[in-house]
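The values are calculated or read from the model by the stated rules, or taken from the named source; none is laboratory data. Being a predicted model, the structure only gives us computed values, none of them experimental. Cβ placement follows ideal geometry from the backbone for every residue including glycine, while neighbour counts extend to all protein chains displayed. For the accessible areas, the whole protein counts, side chains as well, though only heavy atoms, and no ligand, DNA or RNA atoms are used. Shrake-Rupley method; radii C 1.70, N 1.55, O 1.52, S 1.80 Å.
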2 protein chains.
Amino acid sequence: MDQKCIGVDIGGTSVKLGLFQGDGTLLRKWEIPTRKENGGAYILEDIAASIRRQLSEEGLALSDLEGAGMGLPGPVLPDGHIEFCVNLGWKAGNPQETLSGLLDGLPVKSGNDANVAALGEMWQGGGRGYKNLVMVTLGTGVGGGVILNEKIWTGMQGVGGEIGHMHIVEGEVERCNCGGFGCLEQVASATGIARVAGRLLEKEEGPSSLRGIRNLNAKNVLDAAKAGDALALKALDTSCYYLGWALAAVTMVLDPEAYLIGGGVSRAGTFLTDRIKTYHDQLSPMATKKADIVLAELGNDAGIYGAAKLILG
Amino acid sequence: MDQKCIGVDIGGTSVKLGLFQGDGTLLRKWEIPTRKENGGAYILEDIAASIRRQLSEEGLALSDLEGAGMGLPGPVLPDGHIEFCVNLGWKAGNPQETLSGLLDGLPVKSGNDANVAALGEMWQGGGRGYKNLVMVTLGTGVGGGVILNEKIWTGMQGVGGEIGHMHIVEGEVERCNCGGFGCLEQVASATGIARVAGRLLEKEEGPSSLRGIRNLNAKNVLDAAKAGDALALKALDTSCYYLGWALAAVTMVLDPEAYLIGGGVSRAGTFLTDRIKTYHDQLSPMATKKADIVLAELGNDAGIYGAAKLILG
């Protein structure tokens, strides 16, 4: 098939779009701002107009497309229905039906953005060659996506793959955004890594290059750890222990071939994944064949790749 | 189809067999001893002979069967290959091919016994009506099985569903059978519940009807808890907390419709599952639609039902 397709990744600040060939080649990518005024009422219209404009510039028509895939920042039911997308101001509706209507009935499919990114990485990124994997995105929060037999697994209400909200720390007194206490996200997101280090700085007396840094962030901790700072290493090790523990638990449930680590924190590379792997392997002795723990490769493009893959099947 | 089929559940002491109608009706069930001599060399021959004998008594022939399904006490690869079945003395081989050869080429399929039991419960037991569920069997150990879209999910090496070996207790110094420390099985199996109570008896001073019982077992703890014994209640609560935590973690990964609780310990009924549910719900706040936590119903017959379902598809 020479059909092309569009991948759309809607974020709170910008919408990323990509024009793909059927074989997965990204022909063109571009961005438009996310207009959140009026409950996000213009977002889908902007996307439709932008797709039409881009097609026209390429000398293409809607009929040259097999469809458009879309990643949304919230839970998406199998039929495309959403209850809400907090970051966009959206309430209940079916954005994929709406976008299809705005594009003369073009087939549109949608999924949760973290799940769609996992699908993209499996297809054209760090997960190439695996059919069953779990992706963990370490950013401001901890996102996740489960891919089984090359398809997104959402579960009955779209909570499948929400690895960041596995309870993992006992005795935590601060509440997580999800309403729980002691979620993985609270110790393993960028925010969480900085938080673990901040608490260690308060508790321990030894010297550290982190002392005196105002608004300590995860990059400070990772840089200091790479430079050999003992306290930073201890903080990072704590975060990686909980990550390894959570993934070991996933191994006992799903026994996937691989874990993909993405998001801003994953720029630390194998310095990070080697530590996660050590704890994962230690806490899942029954799995004698160890899952690979690999880095995501597509960065911010994972969403548009995965969205395209929703259409290409 | 009026075809019938056979379900076989091979245990370390006895082999359970069932003759089923295509609609799931169990027509006849019987048992034979598991002959473990000579590395378990006679087990499959005994099964084949017993099936032929039973068919003949029923006035049936092998050609009246659609096939035979088989649950095996160990990891089974999708093609039926096993590396070992410790309890049977078996080494590497393909029991389903062997049994098929002994039954004139009758189609034979096999799976791990805990997974097959989960399938049976989904089909004709406590899991009727669910397509996605996770079963947890609380016996001497803690077994488990994951059913997704009405099929067993084994993972890449058959470790999928080994909920009992999720790491869940920090600081445990005794080693689990799997080689790990702090597995769910160590606090939530029958043995584990007795162990938790035994440790509490040593640590705490208060009165308890459990004091003085030699070789304390899970039934003692459950009976005392039901009678209101404070220490027994505290022990049971600890075990249920870890079970609820583990299932909450599974919810964040798979978001299944239901959890099925089986095994000897589950005879405690809703006295047990209500406690598990409380902790599951508390530790998975993001899942606003709560998975059901229900009791298994088929007891020791779950294996033959699930084995039959392997054939009936």
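Data table
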quantity: Among the candidates A:V196, A:V159, A:V134, residue that is within 14 Å of the chain's Cα centre (by Cα) and more than 17 Å from A:D292 (Cα to Cα); calculated: A:V159
quantity: Breaking point among (1) without any contact (Cβ under 8 Å) to a residue 12 or more places away in the chain; (2) open to solvent by 20 Å² or more (accessible area, probe 1.4 Å); (3) assigned to a helix (DSSP H, G or I); (4) within 14 Å of chain B (Cβ to nearest Cβ), for A:T238; calculated: (1)
quantity: Options B:G198, B:G263, B:G182; residue that is under 24 Å from B:T154 (Cα atoms) and in contact with a Leu (Cβ under 6 Å, 6 or more places away or on another chain); calculated: B:G263
quantity: Which numbered condition B:N217 fails, given (1) of a type in the set (S, T, N, Q); (2) surrounded by fewer than 18 Cβ atoms within 10 Å (Cβ to Cβ); (3) under 25 Å from B:G127 (Cα atoms); (4) in contact with a helix residue (DSSP H, G or I) (Cβ under 6 Å, 6 or more places away or on another chain); calculated: (3)
quantity: Residue list for the range B:116-134, filter: within 12 Å of another protein chain (Cβ to nearest Cβ), surrounded by 24 or more Cβ atoms within 10 Å (Cβ to Cβ) and farther than 13 Å from A:M252 by Cα; calculated: B:L133
quantity: Those strands (runs of 3 or more DSSP E) lying entirely in the range B:67-129 with at least 2 residues of a type in the set (K, R); calculated: none
quantity: Sole residue being more than 20 Å from the chain's Cα centre (by Cα) and either closer than 30 Å to B:C178 by Cα or more than 14 Å from chain B (Cβ to nearest Cβ) (or both), chosen from A:G179, A:G206; calculated: A:G206
quantity: Among the residues listed as B:I47, B:I6, the single one being in contact (Cβ under 8 Å) with a residue 40 or more places away in the chain, in a helix (DSSP H, G or I), among the aliphatic types (A, V, I, L, M) and open to solvent by less than 10 Å² (accessible area, probe 1.4 Å); calculated: B:I47
quantity: Residue count for the range B:241-275, restricted to those that are among the β-branched types (V, I, T) and either touching a strand residue (DSSP E or B) at 6+ places or on another chain (Cβ under 6 Å) or not in a helix (DSSP H, G or I) (or both); calculated: 4
quantity: Restricting the range A:276-313 to residues that are hydrophobic (A, V, I, L, M, F, W, C) and assigned to a helix (DSSP H, G or I), the residue that is nearest to B:G180 (Cα to Cα); calculated: A:I276
quantity: Members of the range B:142-161 found to be at positive phi and either facing chain A (nearest Cβ under 8 Å) or open to solvent by less than 30 Å² (accessible area, probe 1.4 Å) (or both), listed by number; calculated: B:G155, B:G158, B:G161
quantity: Residues of the range A:17-75 classified as out of contact with any Asp or Glu (no Cβ under 8 Å at 6 or more places or on another chain) and of a type in the set (K, R), total; calculated: 3
quantity: Residue in the range B:276-297 that is basic (K, R), touching a helix residue (DSSP H, G or I) at 6+ places or on another chain (Cβ under 6 Å) and either away from chain A (no Cβ under 14 Å) or open to solvent by less than 10 Å² (accessible area, probe 1.4 Å) (or both) present; calculated: no
quantity: Considering residues of the range B:21-44 that are within 18 Å of B:D113 (Cα to Cα), assigned to a strand (DSSP E or B) and touching a residue at least 24 places away in the same chain (Cβ under 8 Å) only, the residue least open to solvent (accessible area, probe 1.4 Å); calculated: B:W30
